[in-house]
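Down below is the structure, laid out as C-alpha coordinates.
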Amino acid sequence: MRVLHFYKTYFPDSVGGVEQVIRQMCVGTGRLGITNQVLSLSRDRRLEPFDYEGHTVHRVPLNFEVASNAVSVQAIGKLARMAAEADVVHYHFPWPFMDLAHFIARIDKPTVVTYHSDIVRQKALLKLYQPLKHRFLESVDTIVATSPNYLASSAVLDRYRDKTRVITFGLDKSGYPEPDQARLDHWRARVGPKFFLFVGVLRYYKGLHILLDAVAGTDYPVVIVGAGPIEAELKAHAERLGLKRVQFVGAVDDLDKAALLKLCYAVAFPSHLRSEAFGISLLEGAMYGKPMISSEIGTGTTYINVHGETGLVVPPSDHEALRAAMTRLWHDPQMAQEMGQRAEARYWQLFTSAQMADNYARLYQELVARRAEVRLAAAPRLG
(Lines give C-alpha, C1' and ligand atoms only; values in the text may rest on other atoms or scores of the structure.)
Protein backbone atom coordinates (compact mmCIF):
# COMPACT_ATOMS: atom_id res chain seq x y z
CA MET A 1 0.00 0.00 0.00
CA ARG A 2 1.45 3.34 -1.12
CA VAL A 3 0.07 6.61 0.26
CA LEU A 4 0.92 10.12 -0.91
CA HIS A 5 0.35 13.01 1.52
CA PHE A 6 0.03 16.48 -0.01
CA TYR A 7 0.27 19.63 2.11
CA LYS A 8 1.81 23.07 1.75
CA THR A 9 4.44 22.69 4.50
CA TYR A 10 6.34 19.90 6.18
CA PHE A 11 9.50 19.17 8.15
CA PRO A 12 12.14 20.54 8.14
CA ASP A 13 10.80 23.76 6.58
CA SER A 14 8.01 24.21 9.11
CA VAL A 15 7.23 22.75 12.51
CA GLY A 16 3.58 23.02 13.46
CA GLY A 17 0.55 21.02 14.42
CA VAL A 18 -0.39 19.79 10.94
CA GLU A 19 3.20 18.82 10.19
CA GLN A 20 3.36 16.88 13.45
CA VAL A 21 0.12 15.07 12.63
CA ILE A 22 1.33 14.06 9.15
CA ARG A 23 4.56 12.85 10.70
CA GLN A 24 2.69 10.74 13.26
CA MET A 25 0.45 9.34 10.48
CA CYS A 26 3.43 8.36 8.34
CA VAL A 27 5.44 6.83 11.17
CA GLY A 28 2.44 4.99 12.62
CA THR A 29 1.07 3.56 9.38
CA GLY A 30 4.61 2.80 8.25
CA ARG A 31 4.84 0.32 11.10
CA LEU A 32 1.77 -1.37 9.61
CA GLY A 33 3.46 -1.88 6.25
CA ILE A 34 2.26 1.23 4.44
CA THR A 35 4.77 3.13 2.31
CA ASN A 36 4.30 6.87 2.79
CA GLN A 37 5.53 9.82 0.77
CA VAL A 38 4.98 13.50 1.53
CA LEU A 39 4.87 16.23 -1.11
CA SER A 40 5.19 19.80 0.15
CA LEU A 41 6.36 23.27 -0.89
CA SER A 42 9.62 24.87 0.18
CA ARG A 43 11.68 28.05 -0.09
CA ASP A 44 14.83 25.95 0.22
CA ARG A 45 16.90 25.71 -2.93
CA ARG A 46 18.02 22.17 -2.07
CA LEU A 47 15.03 20.10 -3.08
CA GLU A 48 16.38 16.58 -3.31
CA PRO A 49 14.06 13.91 -1.83
CA PHE A 50 15.14 12.64 1.57
CA ASP A 51 14.12 9.97 4.04
CA TYR A 52 12.57 11.11 7.30
CA GLU A 53 11.71 8.59 10.02
CA GLY A 54 10.85 5.87 7.54
CA HIS A 55 9.02 7.91 4.90
CA THR A 56 10.20 9.95 1.93
CA VAL A 57 9.77 13.73 1.69
CA HIS A 58 9.60 15.44 -1.70
CA ARG A 59 9.61 19.22 -2.05
CA VAL A 60 8.91 21.63 -4.89
CA PRO A 61 9.62 25.37 -5.02
CA LEU A 62 7.15 27.71 -3.37
CA ASN A 63 6.54 30.36 -6.04
CA PHE A 64 4.45 32.87 -4.07
CA GLU A 65 1.78 33.24 -1.37
CA VAL A 66 -1.56 35.05 -1.44
CA ALA A 67 -3.39 35.40 1.91
CA SER A 68 -1.42 32.46 3.36
CA ASN A 69 -2.26 30.37 0.28
CA ALA A 70 1.04 28.90 -0.92
CA VAL A 71 1.31 28.37 -4.68
CA SER A 72 3.71 26.26 -6.73
CA VAL A 73 3.26 25.66 -10.45
CA GLN A 74 5.79 22.82 -10.25
CA ALA A 75 3.65 21.06 -7.64
CA ILE A 76 0.92 20.26 -10.18
CA GLY A 77 3.07 18.09 -12.41
CA LYS A 78 4.82 16.52 -9.43
CA LEU A 79 1.47 15.69 -7.83
CA ALA A 80 0.23 14.06 -11.04
CA ARG A 81 3.36 11.93 -11.39
CA MET A 82 3.49 10.84 -7.76
CA ALA A 83 -0.26 10.16 -7.57
CA ALA A 84 0.04 7.86 -10.59
CA GLU A 85 2.33 5.62 -8.52
CA ALA A 86 0.30 5.81 -5.30
CA ASP A 87 -2.65 3.71 -4.16
CA VAL A 88 -4.22 6.53 -2.11
CA VAL A 89 -3.79 10.31 -2.19
CA HIS A 90 -4.18 11.89 1.26
CA TYR A 91 -4.95 15.62 1.27
CA HIS A 92 -4.81 17.96 4.27
CA PHE A 93 -7.41 20.76 4.28
CA PRO A 94 -7.51 23.79 4.18
CA TRP A 95 -5.22 24.82 1.34
CA PRO A 96 -7.07 26.33 -1.67
CA PHE A 97 -4.19 25.75 -4.08
CA MET A 98 -4.37 22.04 -3.23
CA ASP A 99 -7.99 21.93 -4.42
CA LEU A 100 -7.01 23.51 -7.72
CA ALA A 101 -3.98 21.24 -8.14
CA HIS A 102 -6.20 18.20 -7.55
CA PHE A 103 -8.30 19.06 -10.60
CA ILE A 104 -5.52 20.29 -12.88
CA ALA A 105 -3.45 17.18 -12.15
CA ARG A 106 -6.55 15.06 -12.91
CA ILE A 107 -6.11 12.82 -9.90
CA ASP A 108 -7.86 9.51 -10.45
CA LYS A 109 -6.94 7.56 -7.35
CA PRO A 110 -8.81 6.91 -4.08
CA THR A 111 -8.69 10.15 -2.10
CA VAL A 112 -9.08 11.09 1.54
CA VAL A 113 -9.06 14.56 3.08
CA THR A 114 -8.17 15.17 6.70
CA TYR A 115 -10.24 18.25 7.53
CA HIS A 116 -7.99 20.12 9.92
CA SER A 117 -9.98 23.33 10.19
CA ASP A 118 -12.69 25.56 8.79
CA ILE A 119 -11.38 28.72 7.14
CA VAL A 120 -11.94 31.45 9.70
CA ARG A 121 -10.05 34.43 8.32
CA GLN A 122 -10.10 35.97 4.82
CA LYS A 123 -13.89 36.27 4.70
CA ALA A 124 -13.94 38.14 1.38
CA LEU A 125 -11.61 35.67 -0.32
CA LEU A 126 -13.59 32.80 1.16
CA LYS A 127 -16.63 33.84 -0.86
CA LEU A 128 -14.58 33.58 -4.05
CA TYR A 129 -13.16 30.24 -2.95
CA GLN A 130 -16.48 28.63 -1.97
CA PRO A 131 -17.33 27.06 -5.36
CA LEU A 132 -13.88 25.46 -5.70
CA LYS A 133 -13.93 24.30 -2.08
CA HIS A 134 -17.26 22.53 -2.41
CA ARG A 135 -16.39 21.04 -5.78
CA PHE A 136 -13.21 19.63 -4.23
CA LEU A 137 -14.92 18.22 -1.12
CA GLU A 138 -17.63 16.71 -3.30
CA SER A 139 -15.03 15.01 -5.49
CA VAL A 140 -13.00 13.22 -2.81
CA ASP A 141 -13.97 9.79 -1.54
CA THR A 142 -13.83 10.36 2.22
CA ILE A 143 -13.47 13.32 4.58
CA VAL A 144 -12.04 12.80 8.06
CA ALA A 145 -13.03 15.06 10.94
CA THR A 146 -10.53 15.17 13.76
CA SER A 147 -13.01 15.06 16.62
CA PRO A 148 -16.73 14.49 17.16
CA ASN A 149 -16.89 18.05 18.50
CA TYR A 150 -15.65 19.52 15.22
CA LEU A 151 -17.96 17.37 13.13
CA ALA A 152 -20.91 18.54 15.23
CA SER A 153 -20.01 22.24 15.01
CA SER A 154 -18.77 22.70 11.43
CA ALA A 155 -21.39 23.84 8.91
CA VAL A 156 -19.10 22.73 6.10
CA LEU A 157 -18.72 19.19 7.42
CA ASP A 158 -22.45 18.97 8.09
CA ARG A 159 -22.98 19.30 4.34
CA TYR A 160 -20.83 16.19 3.76
CA ARG A 161 -21.86 14.17 6.77
CA ASP A 162 -22.63 11.09 4.63
CA LYS A 163 -18.99 10.79 3.57
CA THR A 164 -17.34 12.04 6.77
CA ARG A 165 -16.00 9.93 9.61
CA VAL A 166 -14.11 10.81 12.79
CA ILE A 167 -10.51 9.76 13.36
CA THR A 168 -8.84 11.66 16.17
CA PHE A 169 -5.19 12.61 16.09
CA GLY A 170 -2.76 10.59 18.14
CA LEU A 171 0.75 10.91 19.55
CA ASP A 172 3.45 8.35 20.25
CA LYS A 173 4.89 9.05 23.68
CA SER A 174 7.76 6.63 23.11
CA GLY A 175 8.93 8.91 20.30
CA TYR A 176 9.47 11.82 22.70
CA PRO A 177 12.99 12.12 24.16
CA GLU A 178 13.60 11.62 27.86
CA PRO A 179 15.43 14.62 29.34
CA ASP A 180 18.22 13.83 31.78
CA GLN A 181 18.47 15.33 35.26
CA ALA A 182 20.93 18.01 34.15
CA ARG A 183 18.50 19.38 31.60
CA LEU A 184 15.60 19.28 34.06
CA ASP A 185 17.75 21.12 36.62
CA HIS A 186 18.69 23.72 34.01
CA TRP A 187 15.09 24.53 33.21
CA ARG A 188 13.96 24.40 36.83
CA ALA A 189 16.62 26.98 37.68
CA ARG A 190 15.55 29.15 34.76
CA VAL A 191 11.75 29.08 35.04
CA GLY A 192 11.12 28.06 38.65
CA PRO A 193 9.53 25.06 40.34
CA LYS A 194 5.86 25.80 39.54
CA PHE A 195 4.52 27.43 36.38
CA PHE A 196 1.82 27.41 33.70
CA LEU A 197 3.08 26.36 30.27
CA PHE A 198 2.00 27.29 26.76
CA VAL A 199 3.56 25.58 23.74
CA GLY A 200 2.76 26.52 20.15
CA VAL A 201 3.36 28.77 17.18
CA LEU A 202 2.59 32.36 18.17
CA ARG A 203 -0.36 33.04 15.86
CA TYR A 204 -3.40 35.32 16.08
CA TYR A 205 -5.85 32.55 17.04
CA LYS A 206 -3.81 31.20 19.96
CA GLY A 207 -5.33 33.76 22.33
CA LEU A 208 -2.05 34.61 24.04
CA HIS A 209 -3.08 38.23 24.49
CA ILE A 210 -5.95 36.87 26.61
CA LEU A 211 -3.50 34.84 28.70
CA LEU A 212 -1.34 37.92 29.25
CA ASP A 213 -4.37 39.94 30.32
CA ALA A 214 -5.38 37.11 32.66
CA VAL A 215 -2.11 37.13 34.60
CA ALA A 216 -1.89 40.92 34.84
CA GLY A 217 -1.85 41.85 38.52
CA THR A 218 -1.08 38.28 39.63
CA ASP A 219 2.11 36.43 40.57
CA TYR A 220 1.42 33.37 38.43
CA PRO A 221 4.53 32.34 36.49
CA VAL A 222 3.88 31.63 32.80
CA VAL A 223 6.35 30.11 30.34
CA ILE A 224 5.57 30.65 26.65
CA VAL A 225 7.36 28.29 24.28
CA GLY A 226 7.38 29.03 20.57
CA ALA A 227 7.96 31.64 17.92
CA GLY A 228 5.67 33.10 15.30
CA PRO A 229 4.31 36.09 13.43
CA ILE A 230 2.92 37.96 16.46
CA GLU A 231 5.85 37.36 18.83
CA ALA A 232 6.99 41.00 18.91
CA GLU A 233 3.41 42.18 19.40
CA LEU A 234 2.93 39.83 22.37
CA LYS A 235 6.19 40.84 24.01
CA ALA A 236 5.23 44.50 23.67
CA HIS A 237 1.84 43.75 25.24
CA ALA A 238 3.50 41.95 28.16
CA GLU A 239 5.81 44.91 28.68
CA ARG A 240 2.89 47.36 28.69
CA LEU A 241 1.17 45.25 31.33
CA GLY A 242 4.34 45.13 33.42
CA LEU A 243 4.41 41.33 33.50
CA LYS A 244 7.58 40.26 35.29
CA ARG A 245 6.79 36.55 35.64
CA VAL A 246 6.00 35.78 32.01
CA GLN A 247 8.92 34.26 30.13
CA PHE A 248 9.09 34.00 26.35
CA VAL A 249 11.69 31.28 25.80
CA GLY A 250 11.33 31.06 22.02
CA ALA A 251 11.34 27.90 19.95
CA VAL A 252 13.01 24.94 21.65
CA ASP A 253 14.06 21.49 20.50
CA ASP A 254 12.12 18.34 21.35
CA LEU A 255 14.30 17.54 24.36
CA ASP A 256 13.77 20.94 25.96
CA LYS A 257 10.05 20.80 25.19
CA ALA A 258 9.81 17.42 26.90
CA ALA A 259 11.65 18.82 29.92
CA LEU A 260 9.25 21.75 30.22
CA LEU A 261 6.22 19.47 29.82
CA LYS A 262 7.52 17.26 32.62
CA LEU A 263 8.23 20.21 34.90
CA CYS A 264 5.15 22.39 34.39
CA TYR A 265 2.31 22.58 36.89
CA ALA A 266 -0.43 22.90 34.26
CA VAL A 267 -0.94 23.70 30.58
CA ALA A 268 -2.67 26.94 29.60
CA PHE A 269 -4.12 26.84 26.09
CA PRO A 270 -6.18 30.01 25.51
CA SER A 271 -6.95 29.61 21.77
CA HIS A 272 -10.15 31.56 21.16
CA LEU A 273 -10.98 31.00 17.47
CA ARG A 274 -12.03 27.92 15.49
CA SER A 275 -8.76 28.03 13.57
CA GLU A 276 -7.57 25.97 16.55
CA ALA A 277 -9.32 22.83 15.40
CA PHE A 278 -7.61 20.33 17.67
CA GLY A 279 -4.61 21.43 19.71
CA ILE A 280 -1.66 19.07 19.41
CA SER A 281 0.31 20.79 22.17
CA LEU A 282 -2.76 20.55 24.41
CA LEU A 283 -2.73 16.81 23.76
CA GLU A 284 0.96 16.74 24.64
CA GLY A 285 0.04 18.19 28.01
CA ALA A 286 -2.50 15.41 28.55
CA MET A 287 0.09 12.83 27.48
CA TYR A 288 2.43 14.13 30.18
CA GLY A 289 -0.32 13.97 32.80
CA LYS A 290 -0.88 17.69 33.23
CA PRO A 291 -4.16 19.45 34.07
CA MET A 292 -5.26 21.81 31.33
CA ILE A 293 -7.09 25.08 30.88
CA SER A 294 -8.66 25.75 27.48
CA SER A 295 -11.57 27.62 25.89
CA GLU A 296 -14.86 26.29 24.54
CA ILE A 297 -14.67 26.98 20.81
CA GLY A 298 -16.58 23.93 19.57
CA THR A 299 -13.48 22.09 18.39
CA GLY A 300 -11.24 19.23 19.44
CA THR A 301 -9.73 21.19 22.31
CA THR A 302 -12.77 20.34 24.42
CA TYR A 303 -12.59 16.72 23.25
CA ILE A 304 -9.08 16.54 24.69
CA ASN A 305 -9.84 18.62 27.77
CA VAL A 306 -13.12 17.67 29.42
CA HIS A 307 -14.27 20.34 31.87
CA GLY A 308 -14.05 19.22 35.49
CA GLU A 309 -12.43 15.93 34.52
CA THR A 310 -9.07 16.61 32.87
CA GLY A 311 -8.97 20.34 33.51
CA LEU A 312 -11.05 23.48 33.25
CA VAL A 313 -12.79 24.97 30.21
CA VAL A 314 -13.66 28.67 30.08
CA PRO A 315 -15.50 30.92 27.60
CA PRO A 316 -13.27 32.21 24.77
CA SER A 317 -11.80 35.72 24.92
CA ASP A 318 -12.66 36.05 28.62
CA HIS A 319 -9.48 36.88 30.51
CA GLU A 320 -11.29 37.14 33.84
CA ALA A 321 -12.68 33.60 33.48
CA LEU A 322 -9.24 32.39 32.46
CA ARG A 323 -7.69 34.07 35.51
CA ALA A 324 -10.29 32.46 37.78
CA ALA A 325 -9.52 29.04 36.32
CA MET A 326 -5.79 29.57 36.82
CA THR A 327 -6.43 30.65 40.41
CA ARG A 328 -8.56 27.59 41.08
CA LEU A 329 -5.92 25.20 39.78
CA TRP A 330 -3.02 27.03 41.39
CA HIS A 331 -4.49 26.87 44.87
CA ASP A 332 -5.76 23.28 44.71
CA PRO A 333 -2.75 21.01 44.02
CA GLN A 334 -4.70 17.84 44.81
CA MET A 335 -7.40 18.67 42.27
CA ALA A 336 -4.73 19.59 39.74
CA GLN A 337 -2.92 16.30 40.28
CA GLU A 338 -6.09 14.24 39.94
CA MET A 339 -7.09 16.09 36.77
CA GLY A 340 -3.65 15.45 35.33
CA GLN A 341 -3.94 11.74 36.08
CA ARG A 342 -7.32 11.58 34.34
CA ALA A 343 -5.91 13.56 31.39
CA GLU A 344 -3.16 10.99 30.89
CA ALA A 345 -5.63 8.12 31.20
CA ARG A 346 -7.78 9.76 28.51
CA TYR A 347 -4.74 10.08 26.26
CA TRP A 348 -4.03 6.35 26.53
CA GLN A 349 -7.69 5.54 25.94
CA LEU A 350 -8.31 7.74 22.87
CA PHE A 351 -5.27 9.54 21.52
CA THR A 352 -2.31 7.23 20.87
CA SER A 353 -0.62 7.25 17.48
CA ALA A 354 -1.13 3.49 17.24
CA GLN A 355 -4.91 3.96 17.35
CA MET A 356 -4.78 6.75 14.77
CA ALA A 357 -2.53 4.72 12.47
CA ASP A 358 -4.73 1.65 12.70
CA ASN A 359 -7.84 3.67 11.83
CA TYR A 360 -6.19 5.33 8.84
CA ALA A 361 -4.71 2.05 7.59
CA ARG A 362 -8.20 0.52 7.65
CA LEU A 363 -9.58 3.53 5.80
CA TYR A 364 -6.90 3.31 3.10
CA GLN A 365 -7.63 -0.39 2.60
CA GLU A 366 -11.37 0.33 2.44
CA LEU A 367 -10.89 3.03 -0.18
CA VAL A 368 -8.71 0.82 -2.38
CA ALA A 369 -11.15 -2.10 -2.08
CA ARG A 370 -14.09 0.17 -2.89
CA ARG A 371 -12.38 1.49 -6.02
CA ALA A 372 -11.58 -2.06 -7.12
CA GLU A 373 -15.25 -3.05 -6.70
CA VAL A 374 -16.39 -0.08 -8.79
CA ARG A 375 -13.98 -0.95 -11.59
CA LEU A 376 -15.01 -4.59 -11.49
CA ALA A 377 -18.66 -3.65 -11.73
CA ALA A 378 -17.95 -1.34 -14.68
CA ALA A 379 -15.85 -3.87 -16.58
CA PRO A 380 -17.51 -5.37 -19.68
CA ARG A 381 -18.79 -8.92 -19.20
CA LEU A 382 -17.95 -11.68 -21.68
CA GLY A 383 -20.52 -14.08 -23.08
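The values are calculated or read from the model by the stated rules, or taken from the named source; none is laboratory data. Model, not experiment: these values are computed from the prediction. Note that we place each Cβ from the backbone using ideal geometry, even for glycine, and neighbour counts take in every protein chain shown. Only protein heavy atoms, including side chains, enter the accessible area calculation; ligands, DNA and RNA are left aside. Shrake-Rupley method; radii C 1.70, N 1.55, O 1.52, S 1.80 Å.
Residue 142: open to solvent by less than 20 Å² (accessible area, probe 1.4 Å), touching a residue at least 12 places away in the same chain (Cβ under 8 Å), outside the structural domain of residue 204 (by the TED database) and within 21 Å of residue 296 (Cα to Cα), yes or no? For residue 142, the condition - open to solvent by less than 20 Å² (accessible area, probe 1.4 Å), touching a residue at least 12 places away in the same chain (Cβ under 8 Å), outside the structural domain of residue 204 (by the TED database) and within 21 Å of residue 296 (Cα to Cα) - is not met. How many of the residues in the range 158-202 are over 24 Å from residue 113 (Cα atoms) and charged (D, E, K, R)? Of the residues in the range 158-202, 8 are over 24 Å from residue 113 (Cα atoms) and charged (D, E, K, R).
Every residue, every condition in (1) closer than 23 Å to residue 245 by Cα; (2) out of contact with any Ser or Thr (no Cβ under 7 Å at 6 or more places or on another chain); (3) of a type in the set (Val, Ile, Thr), yes or no:
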residue	(1), (2), (3)
143	no, no, yes
174	no, yes, no
189	yes, yes, no
200	yes, no, no
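The numbered conditions (1) over 16 Å from the mean Cα position of the chain (by Cα); (2) of a type outside the set (Ser, Thr, Tyr); (3) crowded, with 24+ Cβ neighbours inside 10 Å are all true for residue 277 except (1). Is there a residue being open to solvent by less than 20 Å² (accessible area, probe 1.4 Å), hydrophobic (A, V, I, L, M, F, W, C), under 28 Å from the mean Cα position of the chain (by Cα) and closer than 30 Å to residue 140 by Cβ anywhere in the range 333-347? No, the range 333-347 contains no residue that is open to solvent by less than 20 Å² (accessible area, probe 1.4 Å), hydrophobic (A, V, I, L, M, F, W, C), under 28 Å from the mean Cα position of the chain (by Cα) and closer than 30 Å to residue 140 by Cβ.
Residues of the range 51-96 that are open to solvent by 20 Å² or more (accessible area, probe 1.4 Å), under 22 Å from residue 35 (Cα atoms) and within 23 Å of the chain's Cα centre (by Cα): 51, 52, 53, 54, 56, 58, 59.
Residues in the range 355-383 that are among the aliphatic types (A, V, I, L, M) and assigned to a helix (DSSP H, G or I): 356, 357, 361, 363, 367, 368, 369, 372, 374, 376, 377, 378.
Take residue 165 and decide whether it is assigned to a strand (DSSP E or B), at pLDDT 95 or above and either open to solvent by less than 80 Å² (accessible area, probe 1.4 Å) or not assigned by the TED database to the domain that holds residue 301 (or both).
yes
Go through the range 42-68 and give me each residue that's farther than 12 Å from residue 9 by Cα and of a type in the set (Gly, Ala, Ser). Result: 54, 67. Whether any residue in the range 290-310 is open to solvent by 30 Å² or more (accessible area, probe 1.4 Å) and of a type in the set (A, V, I, L, M, F, W, C) is what I want to check. Yes: the range 290-310 contains one or more residues that are open to solvent by 30 Å² or more (accessible area, probe 1.4 Å) and of a type in the set (A, V, I, L, M, F, W, C).
Looking only at residues of the range 112-135 that are free of Cβ contacts under 8 Å to residues at least 40 places away in the same chain and open to solvent by less than 50 Å² (accessible area, probe 1.4 Å), we find that the one that is nearest to residue 168 (Cα to Cα) is 113.
Please work out which one of (1) closer than 22 Å to residue 246 by Cα; (2) open to solvent by 40 Å² or more (accessible area, probe 1.4 Å); (3) free of Cβ contacts under 8 Å to residues at least 60 places away in the same chain is the condition residue 282 fails and give its number. Every listed condition holds for residue 282 apart from (2). Within the range 198-224, how many residues turn out to be crowded, with 18+ Cβ neighbours inside 10 Å and either without any contact (Cβ under 8 Å) to a residue 24 or more places away in the chain or among the small types (Gly, Ala, Ser) (or both)? So the count comes out to 3. Selection of first residues in the range 357-374 that are within 12 Å of residue 32 (Cα to Cα) and of second residues that are open to solvent by less than 60 Å² (accessible area, probe 1.4 Å) and of a type in the set (Gly, Ala, Ser), restricted to Cβ pairs under 6 Å at least 6 apart or on distinct chains, gives the following pairs, ordered by first then second residue: 357/28.
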